[in-house]
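Note sheet for the following structure.
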Amino acid sequence: IYSSPLERALATALIIGEKRDLEPIVKYGLAELDYGNWSGLTDEEIERRYPGEIERREKNKFDYRIENGESYRDCQQRGKNAIEEISKGEHSSVLIVSHEMIGRVMIGYFMNSSNEDMLKIKEICLITINDAIKRKVEIVS
(Lines give C-alpha, C1' and ligand atoms only; values in the text may rest on other atoms or scores of the structure.)
Protein backbone atom coordinates (compact mmCIF):
# COMPACT_ATOMS: atom_id res chain seq x y z
CA ILE A 1 0.00 0.00 0.00
CA TYR A 2 1.40 3.36 -1.06
CA SER A 3 -0.12 6.56 0.26
CA SER A 4 0.01 10.29 -0.02
CA PRO A 5 1.38 11.86 3.15
CA LEU A 6 -1.73 14.03 3.49
CA GLU A 7 -4.03 13.26 6.39
CA ARG A 8 -7.18 11.86 4.75
CA ALA A 9 -5.37 9.62 2.29
CA LEU A 10 -2.95 8.35 4.92
CA ALA A 11 -5.79 7.66 7.38
CA THR A 12 -7.55 5.62 4.67
CA ALA A 13 -4.34 3.73 3.84
CA LEU A 14 -3.81 2.94 7.54
CA ILE A 15 -7.34 1.50 7.84
CA ILE A 16 -6.84 -0.65 4.73
CA GLY A 17 -3.37 -1.67 5.88
CA GLU A 18 -4.65 -2.72 9.28
CA LYS A 19 -7.16 -5.05 7.62
CA ARG A 20 -4.40 -6.57 5.43
CA ASP A 21 -1.62 -6.49 8.04
CA LEU A 22 0.38 -4.10 5.85
CA GLU A 23 2.10 -0.86 6.75
CA PRO A 24 1.46 1.88 4.15
CA ILE A 25 4.51 3.36 2.45
CA VAL A 26 4.25 7.14 2.29
CA LYS A 27 5.21 8.79 -1.00
CA TYR A 28 5.29 12.58 -1.30
CA GLY A 29 4.79 12.20 -5.05
CA LEU A 30 1.23 10.99 -4.38
CA ALA A 31 0.20 14.20 -2.57
CA GLU A 32 -2.57 16.36 -4.02
CA LEU A 33 -1.77 19.30 -6.28
CA ASP A 34 -0.10 22.04 -4.23
CA TYR A 35 -2.41 25.03 -4.48
CA GLY A 36 0.14 27.30 -2.79
CA ASN A 37 -1.31 30.69 -1.88
CA TRP A 38 -4.74 29.50 -3.03
CA SER A 39 -4.93 26.61 -0.53
CA GLY A 40 -8.19 26.61 1.37
CA LEU A 41 -9.63 29.59 -0.54
CA THR A 42 -12.89 29.73 -2.47
CA ASP A 43 -12.91 31.10 -6.02
CA GLU A 44 -14.42 34.31 -4.67
CA GLU A 45 -11.61 34.71 -2.13
CA ILE A 46 -8.97 33.97 -4.79
CA GLU A 47 -10.47 36.59 -7.12
CA ARG A 48 -10.59 39.14 -4.32
CA ARG A 49 -6.98 38.52 -3.21
CA TYR A 50 -5.50 37.80 -6.65
CA PRO A 51 -7.63 39.71 -9.18
CA GLY A 52 -7.63 38.22 -12.67
CA GLU A 53 -5.54 35.16 -11.79
CA ILE A 54 -8.36 32.64 -12.20
CA GLU A 55 -8.99 33.98 -15.70
CA ARG A 56 -5.25 33.80 -16.52
CA ARG A 57 -5.16 30.23 -15.24
CA GLU A 58 -8.13 29.21 -17.40
CA LYS A 59 -6.25 30.33 -20.52
CA ASN A 60 -3.48 27.80 -19.88
CA LYS A 61 -4.73 25.66 -17.03
CA PHE A 62 -2.24 22.84 -17.45
CA ASP A 63 0.86 25.04 -17.25
CA TYR A 64 -0.35 27.81 -14.93
CA ARG A 65 1.71 27.67 -11.73
CA ILE A 66 -0.05 29.01 -8.66
CA GLU A 67 2.16 31.28 -6.55
CA ASN A 68 4.06 29.16 -4.00
CA GLY A 69 2.35 26.09 -5.48
CA GLU A 70 2.54 24.02 -8.63
CA SER A 71 1.00 23.64 -12.06
CA TYR A 72 -0.88 20.59 -13.28
CA ARG A 73 2.23 19.80 -15.37
CA ASP A 74 4.35 19.87 -12.18
CA CYS A 75 1.84 17.57 -10.47
CA GLN A 76 1.81 15.22 -13.46
CA GLN A 77 5.60 14.92 -13.46
CA ARG A 78 5.68 14.33 -9.70
CA GLY A 79 2.94 11.68 -9.98
CA LYS A 80 4.61 10.04 -12.95
CA ASN A 81 7.89 9.82 -11.05
CA ALA A 82 6.11 8.26 -8.07
CA ILE A 83 4.32 5.70 -10.26
CA GLU A 84 7.52 4.77 -12.07
CA GLU A 85 9.32 4.30 -8.76
CA ILE A 86 6.48 2.17 -7.38
CA SER A 87 6.30 0.06 -10.54
CA LYS A 88 9.97 -0.92 -10.18
CA GLY A 89 9.11 -2.85 -7.02
CA GLU A 90 8.77 -6.61 -6.76
CA HIS A 91 5.07 -6.41 -5.90
CA SER A 92 2.44 -8.52 -7.61
CA SER A 93 -0.27 -6.00 -6.62
CA VAL A 94 -0.11 -2.41 -5.48
CA LEU A 95 -2.75 -0.19 -3.89
CA ILE A 96 -2.29 3.57 -4.16
CA VAL A 97 -4.30 5.83 -1.86
CA SER A 98 -4.18 9.41 -3.04
CA HIS A 99 -6.26 12.36 -4.25
CA GLU A 100 -8.39 13.58 -7.15
CA MET A 101 -5.78 15.46 -9.18
CA ILE A 102 -3.03 12.91 -8.74
CA GLY A 103 -5.61 10.26 -9.74
CA ARG A 104 -6.32 12.21 -12.91
CA VAL A 105 -2.66 12.46 -13.84
CA MET A 106 -2.12 8.75 -13.14
CA ILE A 107 -5.05 7.78 -15.36
CA GLY A 108 -3.92 10.26 -18.01
CA TYR A 109 -0.40 8.87 -17.89
CA PHE A 110 -1.47 5.24 -18.30
CA MET A 111 -4.05 6.03 -21.00
CA ASN A 112 -1.80 8.46 -22.91
CA SER A 113 -4.50 11.12 -22.61
CA SER A 114 -4.03 14.65 -23.84
CA ASN A 115 -3.63 17.31 -21.16
CA GLU A 116 -7.13 18.62 -21.94
CA ASP A 117 -8.73 15.16 -21.70
CA MET A 118 -6.87 14.40 -18.48
CA LEU A 119 -8.31 17.51 -16.83
CA LYS A 120 -11.84 16.37 -17.79
CA ILE A 121 -11.61 13.07 -15.89
CA LYS A 122 -14.18 13.08 -13.07
CA GLU A 123 -15.19 10.90 -10.16
CA ILE A 124 -11.81 9.45 -9.22
CA CYS A 125 -12.41 6.89 -6.48
CA LEU A 126 -9.76 4.21 -6.58
CA ILE A 127 -7.01 3.15 -8.91
CA THR A 128 -5.21 -0.15 -8.50
CA ILE A 129 -2.12 -1.14 -10.37
CA ASN A 130 -2.09 -4.92 -10.76
CA ASP A 131 0.99 -6.80 -11.79
CA ALA A 132 3.17 -3.69 -11.57
CA ILE A 133 5.99 -5.26 -13.56
CA LYS A 134 3.74 -5.61 -16.63
CA ARG A 135 2.08 -2.23 -15.90
CA LYS A 136 -1.41 -3.64 -16.32
CA VAL A 137 -3.85 -1.09 -14.98
CA GLU A 138 -7.32 -1.64 -13.59
CA ILE A 139 -9.36 1.50 -12.90
CA VAL A 140 -12.11 1.14 -10.33
CA SER A 141 -14.55 4.01 -9.87
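Mind telling me which of the residues 135, 104 ends up being farther than 12 Å from residue 2 by Cβ and either at pLDDT 80 or above or open to solvent by less than 80 Å² (accessible area, probe 1.4 Å) (or both)?
Numbers: 135 fails: either at pLDDT 80 or above or open to solvent by less than 80 Å² (accessible area, probe 1.4 Å) (or both).
Matching residue, one of 135, 104: 104.
If I filter the stretch 11-32 for residues that are of a type in the set (Asp, Glu), open to solvent by less than 60 Å² (accessible area, probe 1.4 Å), out of contact with any strand residue (DSSP E or B) (no Cβ under 9 Å at 6 or more places or on another chain) and more than 20 Å from residue 122 (Cβ to Cβ), do I get at least one hit? It would help to see each step written out before you state the result.
At the first step, the residues of the stretch 11-32 found to be of a type in the set (Asp, Glu) are 18, 21, 23, 32.
Adding the requirement that they be open to solvent by less than 60 Å² (accessible area, probe 1.4 Å) leaves 32.
Those left that are additionally out of contact with any strand residue (DSSP E or B) (no Cβ under 9 Å at 6 or more places or on another chain): 32.
Next, from what is left, pick out any that are more than 20 Å from residue 122 (Cβ to Cβ): none.
Looking for residues that are of a type in the set (Asp, Glu), open to solvent by less than 60 Å² (accessible area, probe 1.4 Å), out of contact with any strand residue (DSSP E or B) (no Cβ under 9 Å at 6 or more places or on another chain) and more than 20 Å from residue 122 (Cβ to Cβ), one finds none in the stretch 11-32, hence no.
What's the total number of residues in the stretch 24-39 that are over 21 Å from residue 69 (Cβ atoms) and in contact with a helix residue (DSSP H, G or I) (Cβ under 6 Å, 6 or more places away or on another chain)? Walk me through how you get there before you give the answer.
From the stretch 24-39, those over 21 Å from residue 69 (Cβ atoms) are 24-25; that's our starting set.
So of that shortlist, the ones also in contact with a helix residue (DSSP H, G or I) (Cβ under 6 Å, 6 or more places away or on another chain) come out as 24.
Final tally of qualifying residues: 1.
If we keep just the residues of the stretch 33-58 that are surrounded by 16 or more Cβ atoms within 10 Å (Cβ to Cβ) and of a type in the set (A, V, I, L, M), which is nearest to residue 3 (Cα to Cα)?
Just the residues of the stretch 33-58 that are surrounded by 16 or more Cβ atoms within 10 Å (Cβ to Cβ), to begin with: 33-35, 38, 46, 50, 53, 57.
Filter once more, keeping what is of a type in the set (A, V, I, L, M): 33, 46.
Numbers: 33: 14, 46: 29 Å.
Applying the filter and picking the extreme gives 33.
When both residues are 6+ apart or on different chains and their Cβ atoms are under 9 Å apart, which pairs have a first residue that lies in the stretch 52-70 and is of a type in the set (A, V, I, L, M, F, W, C), and a second that is exposed (fewer than 14 other Cβ atoms within 10 Å of the Cβ) and in a loop (DSSP other than H, G, I, E, B)?
Note: pairs meeting the criteria are 66/39.
Quick check on the stretch 64-72. Is at least one of its residues polar (S, T, N, Q) and under 24 Å from residue 121 (Cβ atoms)?
Checking the stretch 64-72: at least one residue is polar (S, T, N, Q) and under 24 Å from residue 121 (Cβ atoms).
Conditions (1) of a type outside the set (Ser, Thr, Tyr); (2) in a helix (DSSP H, G or I); (3) modelled with pLDDT of 95 or more, marked per residue:
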{"position": "16", "(1), (2), (3)": "yes, yes, no"}
{"position": "48", "(1), (2), (3)": "yes, yes, yes"}
{"position": "80", "(1), (2), (3)": "yes, yes, no"}
{"position": "95", "(1), (2), (3)": "yes, no, no"}
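Criterion first (part of a loop (DSSP other than H, G, I, E, B) and either on the phi < 0 side of the Ramachandran plot or loosely packed, with under 15 Cβ neighbours inside 10 Å (or both)) does residue 61 satisfy it?
Details: part of a loop (DSSP other than H, G, I, E, B): yes; either on the phi < 0 side of the Ramachandran plot or loosely packed, with under 15 Cβ neighbours inside 10 Å (or both): yes.
The answer is yes for residue 61.
The values are calculated or read from the model by the stated rules, or taken from the named source; none is laboratory data. Since this is a predicted model, take the numbers as computed values, not measurements. Note: ideal-geometry Cβ built from the backbone for every residue, glycine included; neighbour counts use all protein chains shown. Remember, those area values only see protein heavy atoms, side chains included, never the ligands or the DNA or RNA. Shrake-Rupley method; radii C 1.70, N 1.55, O 1.52, S 1.80 Å.
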